[in-house]
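Remarks on the structure that follows.
The values are calculated or read from the model by the stated rules, or taken from the named source; none is laboratory data. All values derive from a computational prediction rather than experimental measurement. Cβ sites come from the backbone with ideal geometry, for glycine too, and all protein chains shown count toward neighbours.
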Amino acid sequence: MERYNLTIKDILDKQFHIDMKGYATGEVDSFLDKIIEDYEAYSAYVEELGQHLHRYEDENKKLQQKIKELEAQLNYECDKQVQVDYIDMLKRISNLEAEVFKNNAG
């Protein structure tokens, strides 16, 4: 909690000077106790959010890696399909040439 002016300990240890009019110390203590509870709750909440963030960052890294793997697999499959299409095209051309030469010869 480096960014804040007060820590839980600062609030707990704070001593107030009492002047002529004074403050009701019980009321001040009760109010400060509520502030401390809020600080503790905020601190726990920030810690929880930090843990969630860490888990989400880890999951994000795993998903990014999975995306890379799937993209590589997709590229491989596309290249493989292009090769199959190319081979099929060559076979068709060869068959057409054979028909043309057979028709020209006969």
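Annotations for the structure displayed:
- Scanning region 35-53 for residues that are among the charged types (D, E, K, R) and surrounded by 11 or more Cβ atoms within 10 Å (Cβ to Cβ) returns GLU37, ASP38, GLU40.
- Selection from region 14-28 of residues that are outside any loop (DSSP other than H, G, I, E, B) and either hydrophobic (A, V, I, L, M, F, W, C) or within 21 Å of TYR4 (Cα to Cα) (or both): VAL28
- Among residues of region 40-67 that are on the phi > 0 side of the Ramachandran plot, none has a beta-carbon under 9 Å from a residue that is in a helix (DSSP H, G or I) and not acidic (Asp, Glu) at least six positions away or on a different chain.
- Filter result for LEU6 (at pLDDT 80 or above and either of a type outside the set (D, E, K, R) or out of contact with any Lys or Arg (no Cβ under 6 Å at 6 or more places or on another chain) (or both)): no
- Candidates LYS66, LYS91, LYS14 - the one that is at pLDDT 90 or above and not polar (S, T, N, Q): LYS66
- Here region 25-62 is the region considered, the condition is being closer than 23 Å to GLN15 by Cβ and of a type in the set (Phe, Trp, Tyr), and the residue that is nearest to the chain's Cα centre (by Cα) is TYR39.
- Within region 1-34, the set of residues being of a type in the set (Lys, Arg) and in contact (Cβ under 8 Å) with a residue 12 or more places away in the chain comprises LYS14 only.
- Out of GLU99, GLU27, GLU48, sole residue that is of a type in the set (Asp, Glu) and at pLDDT 95 or above: GLU48
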